[in-house]
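Here's the structure we're looking at; comments come further down.
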Protein chains: 2
Amino acid sequence: MNKARNWAKAGSPIVLAENHGKRLVDQSYTNPLSGKDIIYTIFDASIISVIIFGLTTEEDVVAIKQFRPGAGEVIIELPGGNRNKNESLIEAARRELTEETGYTASEIIPMPNKLWIDPVACTPYIYSFLALGCHENVDPRHDENETIETLTIPLSYWMDMIYDGEISDMKTIAITLLATSRLSQRRR
Amino acid sequence: MNKARNWAKAGSPIVLAENHGKRLVDQSYTNPLSGKDIIYTIFDASIISVIIFGLTTEEDVVAIKQFRPGAGEVIIELPGGNRNKNESLIEAARRELTEETGYTASEIIPMPNKLWIDPVACTPYIYSFLALGCHENVDPRHDENETIETLTIPLSYWMDMIYDGEISDMKTIAITLLATSRLSQRRR
């Protein structure tokens, strides 16, 4: 079998529209089985994001709550954001955690997965970090359009919120699984 | 405090481009704290998807492997797809599982979370299902552009693939957490 092979790009992407660093593009790929070129419409953004699963010294999860325009509603999420130029992923994770929540970690551990938000139709992906020993030590730094609340939620209650459907952000749930497995490995 | 309130839409979305049911739009929202209107560029698609975490009678996870144009590489995922018109979510889950993998479930359980792929900049969301007693009984039905391999992977090995970073699809990891928690609830 081995049907699941990589496909080669057939030509450059055609930009249908572009705004705020986000593009809708048509990209052709050649199906290696049929030899035919197929056009896919893709949401493209040159963004690498970092998301942080932070635990306080009391084992509370450090989360944020804010209005999100894609969903059109208030969403509970793990903090994170885009990497700046000339910044390492781990530096971005430390900076975003503190800017968004006011919390600083005593230890930050990278997790192995490069996570696609939607490998079917979107190019952005994220990296995730486990942040331990988080403690509040500065005021969060939000820009004028951010209306973020910081929440600290006991880990067992956080898991119940996920199981009960109160958390609807996919990255937040995926990274919770990666982080809690990493935590239990450390404790063995 | 209560900073995290819903924002109201300020006018209709401006369509920057549209193709294959996918749109790049500018949508203005009014920040309730400042009263200012802010324009967000959003990837919009009127798609409701269902994703299925299927376990065989031998407790193998039923997964698929295929080239995905957003990621530009071969990705291991849980099976799923878009709901058709006039189809319930659970009907869509049954149909997609069988069409993509050739497996049929003896029981399908809806999970509570409505999952946003990216609440910041994307409108699509998915619903997930736990499918038990899956058994292979038909040939998968793929369209000519689909080059899908079906995989069955023992659950403990599947979890290791997630922890080791071999699974990079966010929905697959998030839904694995929801499904395994539901499984352990049933066994209590």
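The values are calculated or read from the model by the stated rules, or taken from the named source; none is laboratory data. Only a predicted model underlies this, so the values are computations on that prediction, with no experimental measurement involved. In this analysis, Cβ positions are derived from the backbone assuming ideal geometry, glycine residues included, and neighbour counts consider all displayed protein chains. Only protein heavy atoms, including side chains, enter the accessible area calculation; ligands, DNA and RNA are left aside. Shrake-Rupley method; radii C 1.70, N 1.55, O 1.52, S 1.80 Å.
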Choice from B:MET170, B:MET111, B:MET159 showing the highest fluctuation, given a GNM over chain B with Cα pairs closer than 10 Å:
B:MET170
What quantity of accessible surface, computed with a 1.4 Å probe and excluding non-protein components, is buried in total between chains A and B, in Å² to the nearest 100?
6400 Å²
What do you get for the angle between helix A:89-101 and the principal long axis of chain A? Use alpha-carbon atoms, 0 to 90 degrees, nearest ten.
50 degrees
Across B:GLU146, B:GLU73, B:GLU87, the residue with the highest GNM fluctuation in chain B (Cα network, 10 Å cutoff) is B:GLU73
Shielding by other protein chains, A:15-25, mean Cβ within 10 Å:
6
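Please calculate how many Å² of accessible area the stretch A:72-168 carries per residue, with a 1.4 Å probe and no DNA, RNA or ligand atoms counted.
Per residue, the stretch A:72-168 has 43 Å² of solvent-accessible surface.
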Using just the Cα positions, wrap the stretch B:24-139 in a convex hull and report its mean projected area in square nanometres, one decimal place.
9.5 nm²
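Taking all pairs of distinct Cα atoms, average 1/r, flip it, and tell me the Kirkwood hydrodynamic radius of the stretch A:61-112 in Å to one decimal place. Before the final figure, lay out each step's value.
Details: mean 1/r = 0.0817 Å⁻¹.
Averaging 1/r across every pair of different Cα atoms and inverting gives 12.2 Å.
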Proximal charge balance of A:LYS65 [Cβ under 12 Å; K/R count +1, D/E count -1]:
-4
Considering the protein assembly as shown, what Rg and Dmax in Å follow from its alpha-carbon atoms?
20.5, 59
Determine how large the accessible area of B:LEU178 is when every protein chain is in place; take a 1.4 Å probe and give Å² rounded to the nearest 10.
10 Å²
Just to confirm my numbers, what's the Cα centroid distance between the stretch A:1-80 and the stretch B:1-58 in Å?
14 Å
How many angstrom lie between the C-alpha centres of the stretch A:131-148 and the stretch B:119-188?
34 Å
Env charge @ B:ALA4, Cβ radius under 9 Å, K,R +1 / D,E -1, value +2
Please give the helix A:170-186 orientation as an angle from the longest Cα principal axis of chain A, in degrees from 0 to 90, rounded to the nearest 10.
60 degrees
Roughly how many nanometres apart are two label points built 7 Å out from the Cα toward the Cβ at A:GLU18 and A:ILE48?
2.1 nm
Once Lys and Arg are counted +1 and Asp and Glu -1 for all other residues with Cβ under 9 Å from that of B:ILE76, the total becomes -2
Quick one: 3J(HN,Hα) in Hz for the stretch B:11-18, Karplus 6.51/-1.76/1.60 with θ = phi - 60°, rounded, Gly and Pro as x.
x, 7, x, 9, 7, 7, 6, 8
Per-residue Cβ counts within 10 Å, from other chains only, averaged over A:70-81: what number is that?
5
Within 10 Å of each Cβ of B:154-166, how many other protein chain Cβ atoms are there on average?
2
When each copy gets a label point 7 Å from Cα toward the beta-carbon at B:HIS142, what are the spacings between them in nm, shortest first?
4.7
Dipole of the stretch A:1-120 (Lys/Arg Cβ +1, Asp/Glu Cβ -1, origin at the Cα centre): which of A:GLN27, A:ILE52, A:GLY70 lies farthest to the positive side?
A:GLN27
Highest GNM mean-square fluctuation, chain B, Cα pairs closer than 10 Å: which of B:THR104, B:THR172, B:THR147?
B:THR147
